[in-house]
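Structure first, commentary second.
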Amino acid sequence: MVSVKFLGCGDNFGSGGRFQTCISVQSEAANFLIDCGASALISMKKFGVSLLDIETILITHLHGDHFAGIPFFILDSQLISRRTAPLVIAGPPGLQDRIYRAMEVMYPGSSKVKQKFEISYLELPESLPTTIGALSVTAEQVIHGSGAPSYALRVACAGKTIAYTGDTEWTDNLIKIASGVDLFIAETYFYEKKMKNHLNYRTLLQQRQALDCKRIIITHMSDDMLERLDSVELEYAEDGKELQV
């Protein structure tokens, strides 16, 4: 059994008062986060997820609402939680440099501090399964400008497979990443408005038959989407929502 909890399912502007993207995945085999937006530390503490239990953080792309919680995670782990166990942070090329620069902007000198725990940074290759502990992670490039490749991620863990679009407009790589998965998490920023770099609900619904997955849940919604949830057919995320896969 794999437990998935949405610690944050909001967009970059916090529409609806929702926390920014952070998804906790737990099983007997692994405990990891998918994305770690700027508000992630707050949401982890609000929903009772221990930083010490997190073994791996997977990042889809290098925008603040998806990765900027990492400096706070590292500082808390060092100064408050007193972490000693190693941590793996995996994502697109340029990940380590962007995190270091974010740390220096917010807390000058912090990137140069020697942690009491080992941090391993791993750049995920495209279309090639990568083993990270008990996880098998496959990244597919999507369409979202972030100053580095942006990924959709497919993660196999404890006999279950979860895929997440990250932020993207429609691309057939989403069919590839969703094929046969137990849970497909899809951003749906707008209801029907087409916007560069983002997916809308109507397009996702039109492509539903091509997405060969057992379950879909939508996330990363703007006010435009939140105001129309009564007319949405697909299951949608809320902060704190937990489900079993």
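Rounding to the nearest 20 debye, state how big the charge dipole of segment 3-244 is about its Cα centre with +1 on each Lys and Arg Cβ and -1 on each Asp and Glu Cβ.
Using only the charged Cβ atoms, the result is roughly 500 debye.
Specify the angular offset, from 0 to 90 degrees and rounded to the nearest 10, of the alpha carbon long axis of helix 70-79 from the longest principal axis of the alpha carbons in the chain.
30 degrees
Loop-only chymotrypsin sites (Phe, Trp or Tyr not before Pro) in segment 115-196, please: DSSP not H, G, I, E or B, and at most 14 other Cβ atoms within 10 Å.
Those that pass, being in a loop and sparsely packed, number zero.
I need the per residue convex hull volume for segment 52-134, using only the alpha carbons, in cubic angstrom as a whole number.
92 Å³
Per DSSP H run of n ≥ 4, the term is -39500 (n - 2.57); total these for the chain, divide by its residue number, and report the mean residue ellipticity at 222 nm rounded to 500 deg cm²/dmol.
The per-residue figure over the chain is -5000 deg cm²/dmol.
Please sort by residue number the GluC sites (Glu not before Pro) in segment 112-189 whose DSSP state is loop and whose Cβ has at most 14 other Cβ atoms within 10 Å.
For GluC sites (Glu not before Pro) across segment 112-189 that sit outside H, G, I, E and B with at most 14 neighbouring Cβ atoms in 10 Å, the list reads Glu118.
Taking the Cβ of Pro129 as the center, what net charge do the other residues with Cβ under 12 Å away carry, scoring Lys and Arg +1 and Asp and Glu -1?
For residues surrounding Pro129, the net value is -1.
Roughly what angle does helix 95-106 make with the longest principal axis of the chain, taking Cα atoms, 0 to 90 degrees, to the nearest 10?
70 degrees
Distance cut-off 21 Å, Cα to Cα: go down the list Lys176/Lys214; Lys5/Lys46; Lys176/Lys241; Lys46/Lys116; Lys45/Lys112; Lys45/Lys241 and report the pairs above it.
Over 21 Å Cα-Cα: Lys176/Lys241; Lys46/Lys116; Lys45/Lys112.
How many angstrom separate the Cα center of segment 112-191 from the Cα center of segment 197-245?
18 Å
Enumerate by residue number the trypsin sites (Lys or Arg not before Pro) in segment 159-245 meeting two conditions: DSSP loop (anything except H, G, I, E, B), and at most 14 other Cβ atoms within 10 Å of the site's Cβ.
Lys193, Lys194, Lys196, Lys214, Arg215, Arg228
Return the long-range amide H neighbours of Cys213 (sequence gap of 5 or more, or a different chain), with a cut-off of under 5 Å between placed amide H atoms.
Gly180
Could you give the semi-axes, largest first, of the ellipsoid that matches segment 3-244, computed as the square roots of 5 times the alpha carbon gyration tensor eigenvalues and rounded to whole Å?
Each semi-axis is the square root of five times an eigenvalue, giving 28, 19, 17 Å.
If each of Tyr100 and Ala210 carries a label point 7 Å out from its Cα toward its Cβ, how far apart are those two points in nm?
4.0 nm
So if each residue of separation counts as 0.36 nm, and I subtract the Cα-Cα distance between Glu235 and Gln78, what length gain in nm does that give?
Between Glu235 and Gln78, full extension yields 52.8 nm more.
Which net charge results when you count Lys and Arg as +1 and Asp and Glu as -1 among the other residues whose beta-carbon is under 15 Å from that of Lys116?
Result for the neighbourhood of Lys116: +2.
Just to check I understand the Karplus step: with θ = phi - 60° and J = 6.51 cos²θ - 1.76 cosθ + 1.60, what whole-Hz values come out for segment 20-37, glycine and proline as x?
6, 4, 6, 10, 9, 10, 10, 8, 5, 8, 7, 9, 8, 10, 10, 6, 8, x
If we count every other residue with Cβ under 14 angstrom of Asp182's Cβ, Lys/Arg +1 and Asp/Glu -1, where does the sum land?
The answer is +2.
Taken together, the values in this text are just the output of simple stated rules run on the coordinates, not laboratory data. These numbers were taken from a predicted model, which means no experiment stands behind them. Here the Cβ is made from the backbone with ideal geometry for all residues, glycine too, and neighbour counts use every protein chain on show.
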